[in-house]
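Notes for the one structure printed next.
Bear in mind that the values in this text are calculations on the coordinates, not laboratory data. The shown structure was predicted, so the numbers you read here are calculated from the model rather than taken from an experiment. Every residue, glycine as well, gets a Cβ built from its backbone with ideal geometry; the counts of neighbours run over all protein chains shown.
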């Protein structure tokens, strides 16, 4: 499989784009949920930029162990939560997470339009039938 590098500079640009989209939305999030592993890096960056607490979550589509902190927050209508991942690829991880935990807004750096979950915020769109390359994020190469 061919690898497509995703540089630090591209990441920094992407975080700025997501940040501006969130600010422009007018929504003030109370918490950012970062999905381990790939979503933690962009979630930490957005958490700092927005001044919003981060909840790191280890989520597996096979184990489906929910995060009680997230579930408690979702049930509270006063809380707005943004779940962040690096890439929304097949959509399976995000869909199972949202199905289990409840409705939240979604932000990603890269959005594969050929799956059913549509993020609220995204930087780049790909179509996997046209672009099958593995995206090699800079934090995966350290």
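Observations
- Within a Gaussian network of the chain (alpha carbon springs, distance under 10 Å), most fluctuating of 50, 82, 109: 50
- Gaussian network model of the chain, Cα within-10 Å springs - most flexible of 54, 98, 35: 98
- Computed over the chain with a Gaussian network model linking Cα atoms closer than 10 Å, the most mobile of 48, 101, 31 is 48.
- Label separation (residue 136 vs residue 95): 3.0 nm, computed from points 7 Å beyond Cα along the C-beta direction.
- Relative contact order computed over the chain (Cα-Cα under 8 Å; 6+ residues apart), in percent: 29 percent
- With Cα atoms defining each centre, the range 1-56 and the range 85-118 are spaced 14 Å apart in the structure.
- With the gyration tensor restricted to C-alpha atoms of the range 3-140, the semi-axes of the equivalent ellipsoid amount to 22, 18, 13 Å, longest first.
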